[in-house]
Every structure is written in structure tokens, then in C-alpha cells.
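**Student:** Provided herewith is a single structure, encoded as C-alpha cells, for subsequent inquiry.
Computed from the coordinates by the stated procedures, all read-outs in this text should not be read as laboratory data. Model, not experiment: these values are computed from the prediction. Here the Cβ positions follow ideal geometry from the backbone for every residue, glycine too, while neighbour counts run over all protein chains shown.
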Amino acid sequence: MRTNWKHNELIVIFILTVTIFLAVFVWGLGLFTDIEEEPYVSEETDRIVVGVSQLGSESGWRTANTESVQSVFTTENGYFLLFSNARQKQENQIKAIRSFISQRVDYIVFAPVVENGWRTVLQEAKEAGIPVIMMDRKVEAADQDLCVSWVGTDSRQEGVKAGRWLEGHLRKEGVTEEEDVNIVVLTGTEGASSAIGRSMGFAEVAHKHANWKILEEKCADFTSAKGKEVMAGFLRKYSDIDVVVSQNDDMTFGAIEAIREAGRTVGVYGEISIISFDAVHDALEMVADGTINVDIECNPNQGEYLSQVISMLEKGQEVEKDYYVEEDIFTIDNVTEEVLQERNY
Ligand code: GZL
């Protein structure tokens with residue numbers, strides 16, 4: 001029995017030793033992974049160090065926008081790129097910008113997820129002597145003086161284009177100013193300059209037409225899932241919707257699914273007209289087959305423009321406050337095979 005007891009004692013000691021060793025090992029790992037190594041990258045390379053804070057990956061458009069940035073800020077082009085995806089959270093963007101500042105990057109580029117709440121961190125970048133360039137969306141006007149430039153699209157004008165298209169469409173359909181036109185609007189992320197601009201631009205035109213009844217505007221956050229959910233709600237609430245204005249193609253895809261599941265029809269040959277924004281490839285295919293009546297382009301290819309701004313700054317040249325990328329409007333009449341083949345997003 002005695003021998004057994006000695007043997008059992010050894011087993012207990014062995015198990016305890018292994019357990020303690022494993023606990024220390026796992027704790028040690030946690031300790032080191034928490035320490036964020038933040039070398040001063042700018043002193044480690046003769047390349048231009050650019051910190052990019054992208055707001056998320058919520059839509060096909062955003063993915064293309066990211067690709068346009070990552071395809072330009074490459075080693076071959078003389079850049080050292082630090083890229084952060086904020087997953088739609090402003091606090092993640094602020095953290096990323098602070099990290100770029102502490103790493104002493106040469107330039108900061110960011111697409112502000114919303115307009116407000118940037119003054120403090122932009123002042124920190126200014127005090128650190130790091131030029132900040134906005135991409136795609138804008139911060140509120142009062143804070144724009146803290147950024148050296150902006151590259152993007154004119155969202156208010158995009159909204160106006162949508163309104164003007166609807167004016168022409170109703171004229172062609174023989175709809176008089178005496179007949180009510182019932183409209184619902186799916187808006188993008190609350191507080192995003194692109195959503196605000198599109199709403200403003202469309203409203204500017206809508207206010208000229210007393211018979212245009214905007215039944216409801218509701219946020220669907222630029223995503224397909226939310227677009228379907230919000231549209232399904234509209235269909236339950238309103239029996240007579242004539243037009244859907246959807247502020248990006250991802251929400252449009254969801255909305256069309258909801259409309260079809262409700263047994264209704266869409267587009268050129270359907271009951272409900274669809275006005276969309278972005279003009280990504282998959283949406284243009286739906287314009288070509290008449291599912292979407294019109295798609296107002298919003299060009300995500302902004303990387304080249306950003307690189308040109310940085311090149312000018314590197315040479316000490318003055319840069320403009322705003323650089324607008326070119327964009328079009330697509331209907332069944334101008335979405336050709338060639339347009340579809342050329343579309344890289
Ligand atoms: C537009 C951009 C919008 C796109 C959406 O400038 O901010 O964000 O329209 C994207 O697809 O999510």
C-alpha cells in the first residue's frame with residue numbers, strides 16, 4: 001500500500017507541475033500579445049508612410065474603394081502602407097489615427113464614418129505636423145480646416161440627379177402634377193455625409209413637386225440585410241408605393257428581394273420604380289435587364305487621386321481643398337456590354 005501511496009504522490013506532483021507550467025505559459029502569451037509594438041515606422045523606411053483609416057467593409061462599393069487605395073499605396077510605388085478597417089465604429093477610426101500619429105506616419109488618409117466628433121483627434125494630428133486627407137466622406141464643415149484636402153464624390157449632386165431623373169421619368173410616363181407619386185427612401189448610415197448629401201439633393205428637387213409624397217425615409221445603414229428589413233416594413237405599412245429611392249446598391253438588392261417576396265414587381269416593366277446609387281457591376285446588370293430603373297454612379301476609385309495629392313504635397317505644391325472623381329448616371333439605355341466589362345467594381 002505504502003509503495004502505491006509513493007507512486008500516487010508522484011503522479012499528483014507531476015499533474016500539479018504541468019498545470020502550473022501551462023498556466024504560466026498561457027498567461028505569458030497574453031502578456032506579450034497585449035503590448036502593441038509601435039515602432040516609428042517613418043524612421044525605418046525611406047518610403048512615404050501613409051496611415052489609412054477605412055471606415056469598414058459594409059458594401060461592395062466600400063470593398064472597391066479599399067482596393068483602389070491598397071493598389072496605389074504599394075512598395076513598388078514608394079509607399080509604406082498602414083491600413084486599418086474600423087468596422088463602422090468611429091472610436092476605432094480615432095484609435096487608428098492616434099496610432100498613426102504615435103508611429104509618426106508621413107500622411108493620414110481617412111474616410112470618416114460620420115461627420116461629427118473628429119475635431120480633437122484632427123487637432124492632435126495637426127500638432128504632430130501630419131497632414132490629413134479625407135477620402136470619400138467628409139467631416140463637418142467646421143472641422144474641414146484641419147484637413148489639407150478631400151477626394152470623393154458630390155453626394156448632394158447625386159441626390160439632385162436622382163430627383164431630375166424622376167422628373168423626366170414621370171413626364172415620359174404621362175404622370176401629371178395632379179397625381180400623387182408615393183415615394184419611400186432607404187437612407188445610408190446615420191450622420192454619414194454621403195447619406196446626408198443624397199437626401200438633401202433629392203429633397204431639393206422633390207420640394208418643387210407638391211404631388212411627390214415622401215411617405216417615409218428610414219436608415220438601412222448601406223447594407224443589404226438592413227435594406228431588405230426596412231423595405232419589408234415599408235411594404236407592410238404602405239399599400240401604394242410607386243418609387244423606392246435607395247441610397248446604395250447593397251440596400252437596393254435587399255429591397256428588391258423584399259418587394260418580390262411580397263409578390264410585387266419592380267423596375268422598367270414593374271409596378272415599383274427603383275432609383276439606386278453607386279452603380280456597382282452587379283447593380284448595372286440589373287439596370288441592363290430593367291430591374292433597376294436608374295443607378296446614380298458614385299465612383300470608389302479614389303486611390304490614384306489620393307496618390308497625386310500626396311505627390312504634390314511631397315513637392316511642396318499647393319493642393320485643392322476638394323478633388324471630385326468623375327461619375328455618370330446609368331439607365332437601360334446606356335448600360336452596354338462594354339460598360340459592364342470595363343466595370344472593375
Ligand atoms: C458614398 C459612400 C457610401 C456608398 C456606400 O460616397 O460613402 O458608403 O454609397 C458605402 O455603398 O457604404
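**Student:** Inside region 223-318, counting only strands (runs of 3 or more DSSP E) that do not spill past its ends, which hold 3 or more residues that are out of contact with any strand residue (DSSP E or B) (no Cβ under 7 Å at 6 or more places or on another chain) and within 30 Å of residue 149 (Cβ to Cβ)?
**Tutor:** none
**Student:** Being within 13 Å of the ligand (Cβ to nearest atom), surrounded by fewer than 20 Cβ atoms within 10 Å (Cβ to Cβ) and not aliphatic (A, V, I, L, M) is true for just one of 144, 157. Which residue is that?
**Tutor:** Result of the check over 144, 157: 157.
**Student:** Please pick out the residue among 218, 213 that is farther than 22 Å from residue 169 by Cα, touching a strand residue (DSSP E or B) at 6+ places or on another chain (Cβ under 7 Å) and not in a helix (DSSP H, G or I).
**Tutor:** 218
**Student:** Still on this structure: I need a count of the residues in region 73-123 that are without any contact (Cβ under 8 Å) to a residue 12 or more places away in the chain, closer than 26 Å to residue 142 by Cβ and among the acidic types (Asp, Glu).
**Tutor:** The qualifying residues number 1.
**Student:** I need the full set of residues from region 63-72 which are within 14 Å of the ligand (Cβ to nearest atom) and in contact (Cβ under 8 Å) with a residue 40 or more places away in the chain, in order please. Talk me through it step by step, then tell me what you get.
**Tutor:** Our first condition is that a residue be within 14 Å of the ligand (Cβ to nearest atom); within region 63-72, this holds for 63-69.
Once the filter is applied, which keeps residues that are within 14 Å of the ligand (Cβ to nearest atom) and in contact (Cβ under 8 Å) with a residue 40 or more places away in the chain, region 63-72 yields 63, 64, 65, 67, 68, 69.
**Student:** Any residue that is away from the ligand (no atom under 16 Å from the Cβ), surrounded by 16 or more Cβ atoms within 10 Å (Cβ to Cβ) and among the polar types (S, T, N, Q) - is there at least one of those in region 282-302?
**Tutor:** Yes, there is a match, as at least one residue in region 282-302 is away from the ligand (no atom under 16 Å from the Cβ), surrounded by 16 or more Cβ atoms within 10 Å (Cβ to Cβ) and among the polar types (S, T, N, Q).
**Student:** Could you tell me whether residue 104 is within 17 Å of residue 310 (Cβ to Cβ) and touching a strand residue (DSSP E or B) at 6+ places or on another chain (Cβ under 9 Å)?
**Tutor:** yes
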